[in-house]
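Down below is the structure, laid out as structure tokens.
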Amino acid sequence: MEKYLIASSGDNLDSKISSRFGHAAYFIVIDPQSMKYEVYPGVSANEKSPSLARFINLGIKKILCGNIGPSTFYEAQANSMNVYLCRKMSVREAITQEANGEISPIDEPTLKQSIHSAQKNREEGKGWGRIFKSRNKSKSGKKKNKEGRGKGNR
């Protein structure tokens, strides 16, 4: 029996698909044939990213979500799960569209890094975090004021 793992903003089939797998309020595991499902709590504030480990032995073959980062995407692939991008639709609509062949599995993560990696990079001055952090400084390295001029350069 094939099951789907769905990142959801709510605990029922009329809930919207969560915009980010790693920040889903709930996970719904459903048998698309019978439409019987179980609801699992989403990612807690203490978790850095969700793990598929708790769902591996449930017969999950497909993941339906709004966006997915590289860590979870490659974990899904390693466990023979296909990931489907289902933005701005309800859980029920996503299941119907997948069943009708209206959506196809994606080949790569929709996000280049998890939000936690981006925050860490920003703190460490790496990658995009480095660029955004440096926008607040003038070429002399002084912090810019509201007019975009470095302090003391008036």
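Assorted remarks:
- Of all residues in segment 96-111 being assigned to a loop (DSSP other than H, G, I, E, B) and in contact (Cβ under 8 Å) with a residue 40 or more places away in the chain, the one that is farthest from Asn82 (Cα to Cα): Leu111
- Among the residues of segment 47-66, the one identified as in a loop (DSSP other than H, G, I, E, B) and modelled with pLDDT of 95 or more is Gly66.
- Check on Ser19, outside any helix (DSSP H, G or I), of a type outside the set (A, V, I, L, M, F, W, C) and closer than 21 Å to Arg87 by Cβ: yes
- Of everything listed in (1) at pLDDT 95 or above; (2) touching a strand residue (DSSP E or B) at 6+ places or on another chain (Cβ under 8 Å), the single unmet condition for Met35 is (2).
- None of Glu2, Glu38 is of a type in the set (Asp, Glu) and closer than 22 Å to Ala78 by Cβ except Glu2.
- Some residue of segment 46-64 being surrounded by fewer than 17 Cβ atoms within 10 Å (Cβ to Cβ), among the hydrophobic types (A, V, I, L, M, F, W, C) and touching a residue at least 40 places away in the same chain (Cβ under 8 Å): yes
- Scanning segment 68-75 turns up no residue that is β-branched (Val, Ile, Thr) and over 11 Å from the mean Cα position of the chain (by Cα).
- Those residues of segment 73-95 which are touching a helix residue (DSSP H, G or I) at 6+ places or on another chain (Cβ under 8 Å) and part of a helix (DSSP H, G or I), in sequence order: Glu75, Ala76
The values are calculated or read from the model by the stated rules, or taken from the named source; none is laboratory data. What you are looking at is a predicted structure, and each value in this text was computed from that prediction instead of being measured. Virtual Cβ from ideal backbone geometry, glycine too; neighbours counted across all protein chains shown.
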